[in-house]
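First comes the structure, then the notes that go with it.
The values are calculated or read from the model by the stated rules, or taken from the named source; none is laboratory data. All figures in this text were calculated on a predicted structure; none of them were measured in a lab. So basically every Cβ, Gly included, is an ideal-geometry build from the backbone, and we count neighbours across all protein chains shown. Side chains included, ligands, DNA and RNA excluded: accessible areas come from the protein's heavy atoms. Shrake-Rupley method; radii C 1.70, N 1.55, O 1.52, S 1.80 Å.
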There are 2 protein chains.
Amino acid sequence: MGKNPRRNIETLESTEGISKCILKNRLINSEEAEEIIQAIRIENHPKGSILLKEGEVAKDCYLLMKGCVRQYFLVDGVEKTTFFFVEEQGFSSFKSAAKGIPSDHFLECIEDCTLAVLSVQKELELYQKYPNFESLSRSGLEDQLGDYQEMLAKFITSKPEDRYLDLLENRPELINRIPQYQLASYLGVSPETLSRIRKRIFLKK
Amino acid sequence: MGKNPRRNIETLESTEGISKCILKNRLINSEEAEEIIQAIRIENHPKGSILLKEGEVAKDCYLLMKGCVRQYFLVDGVEKTTFFFVEEQGFSSFKSAAKGIPSDHFLECIEDCTLAVLSVQKELELYQKYPNFESLSRSGLEDQLGDYQEMLAKFITSKPEDRYLDLLENRPELINRIPQYQLASYLGVSPETLSRIRKRIFLKK
DNA sequence: GACTTTCATTGACGTTTGTCAAGAAAGAAA
DNA sequence: TTTCTTTCTTGACAAACGTCAATGAAAGTC
C-alpha cells in the first residue's frame with residue numbers, strides 16, 4: 001500500500017494511444033494534438049498506490065489508459081467507496097482542482113495503472129491557447145455531468161438489490177475485477193448484505 | 001397542471017438581474033454580455049407547469065431566477081424525485097440536450113418560476129463566437145460536476161436520517177418550501193419513513 | 001359554512017439491513 | 001505443502017424500512 005509510482009520507461013505505446021484518443025475528435029488537428037501530448041506525462045502506478053490523499057489539493061487531471069482507480073472517503077475510520085474509474089475514462093477531483101481546496105476523498109489504484117496525466121495549470125494554459133481544446137473539454141464535461149445526473153437518479157430511485165442487478169447488466173466487468181467488500185460499499189450496503197443479495201439472486205434463478 | 005408558459009411583459013428587472021449575473025464574471029465584457037442577453041429569453045411558468053417531459057428532447061438550458069424546479073422520474077407509475085433546483089442555479093438535461101436523445105425524466109415547476117432560457121443551438125453559436133463564454137461555461141460545468149460528485153458520495157455513504165439532517169443544515173430553505181412526500185422521495189425513502197425520521201429527531205432533542 | 005382533495009401522521013406487520021461473531025474459502029507468502 | 005492473511009459466507013438478533021390501512025390536519029372549491 002502507498003508505494004511510490006514508478007515512471008514508465010517505455011511510454012511510446014501509451015503516447016500513441018492517447019494521441020489516437022485525442023485525434024478521434026475532429027476539433028483537434030494534429031498540430032494542436034502535438035502540443036497537448038507534449039504537456040501530458042505518462043505515469044505507471046502499481047496496485048495499491050494512492051494518487052490523491054484526503055487533505056491534499058488536486059493538481060492533476062487523469063485519463064486512465066490501463067487499470068482501475070477507486071475513489072473513496074474515510075468516514076469514522078471506515079472506507080466508503082463512491083466510484084470506480086476504468087479504461088478510457090477521464091477524471092479529476094473537480095472540487096479540489098478547480099477551487100484549490102483540500103480534497104475530501106482518496107484516489108487509489110486498485111490495479112496496476114497506466115495514466116495520462118495533465119496538470120491543471122497546464123490544462124488552463126492549453127485552453128487559452130486552443131479554444132478547440134476547451135470545446136472538447138466542455139463537451140466531455142457535459143457528458144460526464146449527464147452520467148452523474150443519471151447515476152444519482154438511479155441511486156435515489158433504486159434498492160441495493162436493483163443496483164447490483166444494474167451493475168451486473170451495465171458494468172459486468174467490475175464484478176470480476178473488484179473485491180466484493182468494495183463493491184458493497186459502492187452499492188451503499190455492508191459486505192454481509194451484498195453476500196446475501198447475491199445469494200437471493202442466485203436462488204431466484 | 002401543464003399550462004402554457006406566459007411570456008413576461010416586464011422583463012426589464014429580470015434582464016438586469018441576468019446581466020449582473022453574467023458581468024460578475026470578469027471574462028465577459030459588456031459587449032459580449034449584450035449579445036448573450038439578446039439570445040436569452042425570459043419565461044414565466046406558473047406552479048405546476050412542465051418544462052420537459054419524459055420522451056422529449058431537451059432543447060434549452062435554464063438559469064432559474066425565481067422559484068423552484070423539480071426533476072423526477074416515473075418508475076412503475078410512481079414519481080421519484082431526484083433533484084430540486086432553486087434560485088441562481090443553472091441547469092439542463094445534459095444527456096438529452098448534448099446527445100439529442102429523449103429525456104428519461106421530467107422537469108416541473110413546483111412554484112411560480114422565472115427562468116432565463118437559452119437554446120442549446122444558440123448556446124453553441126455563442127461558444128464559437130466568444131471563447132470566453134465557453135470558458136465561463138466550462139468552469140461552471142466543473143463546479144457542477146464537483147457538486148454532483150459530492151452529492152453522489154454523500155448519498156452512498158450516509159443513511160436516510162443523516163441525509164435529512166444534512167438537508168436541515170445545508171439547505172434548510174428546501175424543507176419549508178417543498179411538500180414532504182417529495183422530500184421523502186428525494187431522500188430515497190417513503191413518506192411514512194420521513195415522517196418517522198422527523199419524529200425520531202424531534203424526540204432526541 | 002360544508003364539502004372535497006391532498007398531504008401528514010400513526011399503528012401493525014413482514015422484509016431488509018446493520019452489527020457482532022464465527023467459520024469457510026481463497027490468495028499470498030514462506 | 002504449510003502457514004498466514006485477507007476476503008467471503010452464514011447465523012442470530014436488533015434496528016430501520018416498506019407497505020397497507022386508518023385517522024387527522026390543512027388547503028382549496030363550491
- Item | Residue check for residue A:166: within 11 Å of chain B (Cβ to nearest Cβ) and of a type in the set (Asp, Glu) | no
- Task: Could you list all residues from segment A:157-193 that are within 13 Å of DNA strand C (Cβ to nearest atom), open to solvent by 60 Å² or more (accessible area, probe 1.4 Å) and touching a residue at least 24 places away in the same chain (Cβ under 8 Å)?
- Result: A:165, A:177
- Task: Please go through segment B:85-112 and pick out each residue that is more than 10 Å from chain A (Cβ to nearest Cβ), buried (at least 16 other Cβ atoms within 10 Å of the Cβ) and in contact with an Asp or Glu (Cβ under 8 Å, 6 or more places away or on another chain).
- Result: B:86, B:103, B:106
- Count of residues meeting criterion [free of Cβ contacts under 8 Å to residues at least 24 places away in the same chain and either more than 7 Å from chain A (Cβ to nearest Cβ) or hydrophobic (A, V, I, L, M, F, W, C) (or both)] in segment B:140-156: 8
- Output the residues belonging to segment A:113-135 that are within 11 Å of another protein chain (Cβ to nearest Cβ) and out of contact with any Phe, Trp or Tyr (no Cβ under 9 Å at 6 or more places or on another chain). A:120, A:124, A:128, A:129, A:130, A:132
